[in-house]
Amino acid sequence: MSDGTSRLQPALADRSRRIVESAGFNTAVFCLIIGNAVLLGIETYTGAVDQWRGELKVAEHLFLAAFASEILLRAGTYAERPKDFFRDPWNVFDLVVVGLALTPFARENATALRLLRLARVLRAARFLPQLRIVIVAVGKSLPGTLSFVLVGALLLYVYAMLGWVFFAAADPEHYGSLGRAALTLFLLITLDGLGDAVRGGLEISRWAIVYFASFVLLGSFLLVNLLIGVVINSLEEARELEDERARESTAVPVAPAMDESRAVLLARIAAARRALDDVEAGLAAANGESDGHHLAASGGGQGLRATPT
């Protein structure tokens with residue numbers, strides 16, 4: 001029973017891998033994802049839902065069955081090493097999105113089911129390398145973005161307190177409290193209404209130009225460039241990961257062939273060694289027989305020479 005299973009697993013993995021890595025399979029799955037997105041869009045129209053409620057429900061079940069079949073095929077490629085299936089984050093994401101849609105909780109909760117169906121649209125990134133790189137880069141930039149948010153919050157707090165101290169009495173609408181001052185300055189980071197804010201500040205004090213110029217320099221230019229640097233660095237890391245993943249995916253199908261050719265080569269070397277051993281044994285036997293005949297011949301010659309004397 002175990003021998004049959006061990007022979008079945010490589011065959012299942014090889015057949016599933018051929019299907020999954022084919023261009024037609026990827027195109028079909030991508031079209032399913034787009035079709036699922038179109039179906040979600042149609043369901044936002046009340047008239048269409050009232051008219052085709054049954055057909056839309058059947059279409060949703062068909063999409064779910066197709067996505068479940070796709071995941072089973074992908075899992076089949078890991079038949080020899082099932083644990084490797086969970087090492088790919090995209091496999092885990094697909095399994096969670098499709099698997100949760102089959103649970104009773106999601107089937108009974110319309111909002112949760114719609115969110116899960118919406119998450120299927122993100123699976124399109126699996127078939128678009130550039131989009132996949134961007135999504136991975138966004139995930140990798142989160143730690144750096146958190147640092148950016150902390151620095152930005154500290155900058156907003158300091159300048160909001162300074163604005164409250166200097167401008168609260170003359171302009172309570174924008175700087176009457178810490179929250180109003182922070183909101184005003186947050187809008188200034190985007191350079192929205194900067195001219196009006198500077199003119200209003202100059203009416204209060206001519207030193208307001210220093211306040212606004214320093215804040216715009218630190219908030220709009222320094223912080224934004226810092227965020228761009230974090231995103232660009234994350235994009236480079238994501239691109240390197242994608243290249244490494246592509247190299248690994250191309251190397252996986254070659255590995256069994258390399259192992260098979262290596263085994264054949266080792267078998268041929270072993271056969272050649274046995275043939276050499278046989279040849280050496282034959283040569284040794286032939287040398288032994290020739291030495292015996294030589295000794296016999298030399299002994300007979302001595303006897304013939306001794307007889308006349």
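Scan the range 140-171 for residues that are open to solvent by 60 Å² or more (accessible area, probe 1.4 Å) and touching a Phe, Trp or Tyr at 6+ places or on another chain (Cβ under 8 Å) and the total you get is 3. Checked against (1) under 16 Å from Ala125 (Cα atoms); (2) touching a residue at least 12 places away in the same chain (Cβ under 8 Å); (3) small (Gly, Ala, Ser), Ala66 passes all but condition (1). The condition (being open to solvent by less than 50 Å² (accessible area, probe 1.4 Å) and either at pLDDT 85 or above or charged (D, E, K, R) (or both)) is satisfied by just one residue among Leu40, Leu73, Leu62: Leu40.
The condition (being modelled with pLDDT under 85 and more than 19 Å from Arg15 (Cβ to Cβ)) is satisfied by just one residue among Pro89, Pro82: Pro89.
Restricting attention to the range 98-120, the residues being outside any helix (DSSP H, G or I) and open to solvent by 50 Å² or more (accessible area, probe 1.4 Å) number 2.
Let's see how each residue does on (1) closer than 30 Å to Leu227 by Cα; (2) surrounded by fewer than 18 Cβ atoms within 10 Å (Cβ to Cβ); (3) without any contact (Cβ under 8 Å) to a residue 40 or more places away in the chain; (4) in contact with a strand residue (DSSP E or B) (Cβ under 6 Å, 6 or more places away or on another chain):
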site	(1), (2), (3), (4)
Tyr78	no, no, no, no
Asp84	no, yes, yes, no
Phe93	yes, yes, yes, no
Val96	no, yes, yes, no
Leu122	yes, yes, yes, no
Arg132	yes, no, no, no
Val138	yes, yes, no, no
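Would you check if Leu146 is without any contact (Cβ under 8 Å) to a residue 40 or more places away in the chain, under 22 Å from Asn233 (Cβ atoms) and in contact with a helix residue (DSSP H, G or I) (Cβ under 6 Å, 6 or more places away or on another chain)? No; evaluated as a whole, the condition is false for this residue.
When Ser234, Ser249 are screened for being surrounded by 11 or more Cβ atoms within 10 Å (Cβ to Cβ), under 15 Å from the mean Cα position of the chain (by Cα), at pLDDT 75 or above and of a type in the set (S, T, N, Q), only Ser234 passes.
Consider the range 15-26. How many of its residues are open to solvent by 60 Å² or more (accessible area, probe 1.4 Å) and in contact (Cβ under 8 Å) with a residue 60 or more places away in the chain?
To start, the set of residues in the range 15-26 that are open to solvent by 60 Å² or more (accessible area, probe 1.4 Å) comprises 15, 18-19, 21, 23.
With the extra rule that they be in contact (Cβ under 8 Å) with a residue 60 or more places away in the chain, the set shrinks to 15, 21.
Counting residues in the range 15-26 that are open to solvent by 60 Å² or more (accessible area, probe 1.4 Å) and in contact (Cβ under 8 Å) with a residue 60 or more places away in the chain gives 2.
Looking for something over 47 Å from the mean Cα position of the chain (by Cα) and open to solvent by 80 Å² or more (accessible area, probe 1.4 Å) - is there at least one such residue anywhere in the range 173-189? Checking the range 173-189: at least one residue is over 47 Å from the mean Cα position of the chain (by Cα) and open to solvent by 80 Å² or more (accessible area, probe 1.4 Å). Are any of the residues in the range 7-27 under 26 Å from Glu55 (Cβ atoms), among the β-branched types (Val, Ile, Thr) and modelled with pLDDT of 85 or more? Yes, that holds for at least one residue. For the range 104-155, give me each residue that is closer than 29 Å to Glu60 by Cβ, over 26 Å from the mean Cα position of the chain (by Cα) and of a type in the set (Val, Ile, Thr). Result: Thr111, single match.
The values are calculated or read from the model by the stated rules, or taken from the named source; none is laboratory data. For clarity, every value in this text was computed on a predicted model and none was experimentally measured. Here the Cβ is made from the backbone with ideal geometry for all residues, glycine too, and neighbour counts use every protein chain on show. Side chains included, ligands, DNA and RNA excluded: accessible areas come from the protein's heavy atoms. Shrake-Rupley method; radii C 1.70, N 1.55, O 1.52, S 1.80 Å.
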